[in-house]
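J.: The structure that follows is given in the form of structure tokens.
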Amino acid sequence: MSNSSLRTQQGIASVLRGEARGWRSRLFFAGPAIIASVAYMDPGNYATNIQAGARYGYALLWVVLLANLIAMLFQALSARLGIVTGKNLAEMSRDNLPRPLVWVMWAVSEVAAMATDLAEFLGGAIGLSLLFNLPLIVGMAITAIVTYGILIFESRGFRPMELIIGALVGVIGLCYLAEVLIAPVDWAAAGVGLMTPALPDSFALTIAVGIIGATVMPHAIYLHSGLMQSRAQPRDDQDRRKLLRFSNIEVVLALAVAGLVNMAMVMMAASAFHQGHSDVAEIETAYHTLTPLLGAAAAGIFLTSLIASGISSSVVGTMAGQMIMQGFLHIRVPIWLRRLVTMIPAFAVVALGVNATQALVISQVILSIALPVPMLALLYFSGRREVMGSFAIGPLLSILAIVASCAVLGLNFVLLAETFGLPIPFLD
């Protein structure tokens, strides 16, 4: 384990013992939610946010806010499970659920991990191919090499990985700060769109479904519970309460940043494309349209953020896949093999000549099918006193979680129905 990881563990222990105080000591607790937040800024979000801003301006910003609040709730519950039980969600499922159900959950989760990696791999590869004028397959090869290089640091403990992912999140955030400064954002209209729930037409509901329905990512739910395991060893319930308090603060702050990035994507698209280019719906089109509208700098910044998003989310997706396999099967495979298995579908899609944007859509459909597995398992364990003891969620939090689950799963059903051409009366 690296010196930085050991120092972080010692720092957390000193805070729990009451020996260290002040804002600097709180930084020891930062990391898990930052890594999980990458799932909410992955390339799959780019196309949806661009389409929302291009077609409806600032009108759907409130949907992004709602989606972010739901994400905060489920990531906080995932971290809570890891802190209280000392196990991740996959391990809890293996130890407490019927064996046939565990096998089904593992199979579905593995497919979801591959679908997640498909979207993330393609996003990074698209960014590299557009920025450096490379064939898409070359962009994917570069993405594979870079992500594997970053994953090597995982063997040195949790802190180096947290710092690397945190730096990439910082790059994404700075890129979109620059974008909203370059783009002529109508801040008054953005404020109205953020605080006034409205759906201009039936297709706006379709986009809202895309934003909210894919908000809670299956791998992020599994991963966050596991990231809490190696950072601290609480001695008693008092330590667990302190860890929960710090964890909840980190979840709110990290996902608030992710939410602001998503809002910035919508605002950039609204200011650049809504008047005169409202049909922009694909990442490649957005890049080529940005250059004449806002200049080469804005287009380059956009691709830089996409590359950082693709690389960071691909790393995090591989970490989640490793945790899922180890948790469900009690098997740990070499990281290079895990990386190889999850990226094969992405290379196969590109080699077969499948449209990259269409592949992103297909990956989101697969994630929608897989989402109920970790979400319902998390709700089941979070409310059981025999598992969580005094930390089992109360009636109010249970109701909020159930309502949020019904909303997300219902919207995922709508997304799937639309994808397969099934009639949906209220969307007609």
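The values are calculated or read from the model by the stated rules, or taken from the named source; none is laboratory data. Because the structure is a prediction, the values reported are computed rather than measured. Ideal geometry is used to build each Cβ from the backbone, glycine not excepted, and the neighbour counts take in all protein chains shown.
To keep it simple, each residue is scored yes or no on (1) in a helix (DSSP H, G or I); (2) in contact (Cβ under 8 Å) with a residue 24 or more places away in the chain; (3) over 12 Å from the mean Cα position of the chain (by Cα).
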position: Ser4; (1), (2), (3): yes, yes, yes
position: Gln10; (1), (2), (3): yes, no, yes
position: Ala13; (1), (2), (3): yes, yes, yes
position: Gly18; (1), (2), (3): no, no, yes
position: Arg21; (1), (2), (3): no, no, yes
position: Arg24; (1), (2), (3): yes, no, yes
position: Leu27; (1), (2), (3): yes, no, yes
position: Ala33; (1), (2), (3): yes, yes, no
position: Val38; (1), (2), (3): yes, yes, no
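J.: Going by the structure shown, is Pro234 more than 25 Å from Ser78 (Cα to Cα), touching a residue at least 24 places away in the same chain (Cβ under 8 Å) and part of a loop (DSSP other than H, G, I, E, B)? Steps first, please.
T.: Values: more than 25 Å from Ser78 (Cα to Cα): no; touching a residue at least 24 places away in the same chain (Cβ under 8 Å): yes; part of a loop (DSSP other than H, G, I, E, B): yes.
No: the conditions fail for Pro234.
J.: Would region 298-307 turn up any residue that is of a type in the set (Gly, Ala, Ser), surrounded by 19 or more Cβ atoms within 10 Å (Cβ to Cβ) and more than 21 Å from Leu131 (Cα to Cα)? Walk me through how you get there before you give the answer.
T.: Just the residues of region 298-307 that are of a type in the set (Gly, Ala, Ser), to begin with: 298-300, 305.
Imposing the further condition that a residue be surrounded by 19 or more Cβ atoms within 10 Å (Cβ to Cβ) reduces the set to 298-299, 305.
In the following step, the residues that additionally are more than 21 Å from Leu131 (Cα to Cα) were identified as none.
No, region 298-307 has no match at all.
J.: Restricting to region 372-422, and then to whatever is of a type in the set (Gly, Ala, Ser) and in contact with a Phe, Trp or Tyr (Cβ under 8 Å, 6 or more places away or on another chain), can you tell me which residue is modelled with the lowest pLDDT?
T.: The initial filter retains those residues of region 372-422 that are of a type in the set (Gly, Ala, Ser), namely 377, 382-383, 389-390, 392, 394, 398, 401, 404-405, 407, 410, 417, 421.
Next, only the ones that are in contact with a Phe, Trp or Tyr (Cβ under 8 Å, 6 or more places away or on another chain) stay: 401, 404.
Numbers: Ala401: 90, Ala404: 87.
The residue in question is Ala404.
J.: Out of Val64, Val108, which single residue is surrounded by 24 or more Cβ atoms within 10 Å (Cβ to Cβ), under 21 Å from the mean Cα position of the chain (by Cα) and in a helix (DSSP H, G or I)?
T.: It is Val64.
J.: Still on this model: Working only within region 274-288, note down all residues that are part of a helix (DSSP H, G or I) and either in contact (Cβ under 8 Å) with a residue 24 or more places away in the chain or crowded, with 24+ Cβ neighbours inside 10 Å (or both). Please lay out each step first, then the result.
T.: Going through region 274-288, the residues part of a helix (DSSP H, G or I) turn out to be 283-288.
Once the filter is applied, which keeps residues that are part of a helix (DSSP H, G or I) and either in contact (Cβ under 8 Å) with a residue 24 or more places away in the chain or crowded, with 24+ Cβ neighbours inside 10 Å (or both), region 274-288 yields Ile283, Glu284, Ala286, Tyr287.
J.: A further question on this structure: Name every residue in region 226-273 that is closer than 30 Å to Arg55 by Cβ, surrounded by fewer than 22 Cβ atoms within 10 Å (Cβ to Cβ) and over 15 Å from the mean Cα position of the chain (by Cα), in order of residue number.
T.: Within region 226-273, none qualify.
J.: Let me ask something additional. Which is more than 20 Å from Ile211 (Cβ to Cβ) and either over 24 Å from the mean Cα position of the chain (by Cα) or aliphatic (A, V, I, L, M) (or both), of Ile283, Ile301? Quick ask: steps written out before the conclusion?
T.: Values: Ile283 fails: more than 20 Å from Ile211 (Cβ to Cβ).
Just one listed residue meets the conditions, Ile301.
J.: Restricting attention to region 258-273, does a residue exist that is out of contact with any Asp or Glu (no Cβ under 8 Å at 6 or more places or on another chain) and assigned to a loop (DSSP other than H, G, I, E, B)?
T.: No, region 258-273 has no match at all.
J.: Scanning for something within 29 Å of Val316 (Cβ to Cβ), hydrophobic (A, V, I, L, M, F, W, C) and without any contact (Cβ under 8 Å) to a residue 12 or more places away in the chain, does region 174-186 turn up at least one residue?
T.: As a first pass, look at region 174-186 and keep what is within 29 Å of Val316 (Cβ to Cβ): 174-183.
Subsequent filtering for residues that are hydrophobic (A, V, I, L, M, F, W, C) retains 174-175, 177-178, 180-183.
Subset that is without any contact (Cβ under 8 Å) to a residue 12 or more places away in the chain: 174, 181.
Taking every residue of region 174-186 in turn, at least one turns out to be within 29 Å of Val316 (Cβ to Cβ), hydrophobic (A, V, I, L, M, F, W, C) and without any contact (Cβ under 8 Å) to a residue 12 or more places away in the chain.
J.: State all residues of region 78-105 that are free of Cβ contacts under 8 Å to residues at least 24 places away in the same chain and outside any helix (DSSP H, G or I); if no residue qualifies, say none.
T.: Pro98
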